[in-house]
1. Residue 188 label point, 7 Å along Cα→Cβ, cut-off 14 Å on backbone N: hits in the stretch 1-44?
2. Pulled fully out, how much extra length does the chain show between residue 156 and residue 175, if you take 0.36 nm times their separation in residues and subtract their Cα-Cα distance?
3. Among 48, 105, 90, whose mean-square fluctuation peaks in a Gaussian network model of the chain (Cα, cutoff 10 Å)?
4. Suppose a student asked you for the relative contact order of the chain, using Cα pairs under 8 Å spaced at least 6 residues apart; what percent would you report?
5. Is the stretch 109-200 rounded, prolate or oblate when judged by the Cα gyration tensor, a ≥ b ≥ c being the square roots of its eigenvalues, rounded requiring a/c under 1.5 and prolate requiring a/b larger than b/c?
6. For residue 101 and residue 76, what is the calculated FRET efficiency with R₀ set at 41 Å and r taken between the beta-carbons, to the nearest 0.05?
7. With N denoting the number of residues in the stretch 5-103, provide Rg(C-alpha) divided by 2.2 N^0.38 Å, to two decimal places.
8. Quick one, which of (1) 26, 22, 15; (2) 31, 18, 14; (3) 36, 19, 16 is the actual semi-axes √(5λ) of the Cα gyration tensor in Å calculated for this model?
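Just so it is clear, none of the values below were taken in a lab; they were calculated from the coordinates. All values derive from a computational prediction rather than experimental measurement. We place every Cβ from the backbone using ideal geometry, glycine too, and count neighbours over all the protein chains shown.
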């Protein structure tokens, strides 16, 4: 029996409901501690899912191009060895750094905005569209240009999004840049997908 098949069967449906561009042109890192990290090819967005409860006993980290992982539907091809790509170790180190940077963001920088999606004017209209559009969020005397689209927060019926804006995670003293956290609750899986990006104040 294929020892790797179970991890594919468990993770593929979860990745499938994540941000569209992360699962088509990005990278993934699964850690057996129950953490899945996704990043798009341009490294503009980072998705983190924690608290995964995979019953499959898999003790090694899995690093892959996400579209390659998702394309292996045939059980005979669902082998971790088929995920290798040149430069995987460099990408692995980078993704691990991204996870460590955004993990527990509340303990690292100030949260300056915290609302559920239904309380954000204009969000409901834009989140159903495929193209990413900017929604201006007034904070003090400036505006945060918040990217909104179903390609970022892929919502289904019963899902919800919590929007939080923080001081810039890399340089908290930089008042022109802020870090956004979209917490997408997926009712079907009972999981929260936290998606991070950085935006400009105008």
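1. The answer is 10-20.
2. 3.4 nm
3. Judging by the Gaussian network model, the answer is 90.
4. Numbers: 371 pairs, mean separation 40.1, N = 202.
Once divided by the residue count of the chain, the mean separation gives 20 percent.
5. Numbers: a/c = 2.05, a/b = 1.54, b/c = 1.33.
Cα axes put the stretch 109-200 in the prolate bin.
6. On the way: r = 38 Å, r/R0 = 0.93.
According to the calculation, E is roughly 0.60.
7. Working: Rg = 12.3 Å, N = 99, 2.2 N^0.38 = 12.6 Å.
Rounded to two decimals, the normalised Rg is 0.98.
8. Identified label for the calculated read-out: (2).
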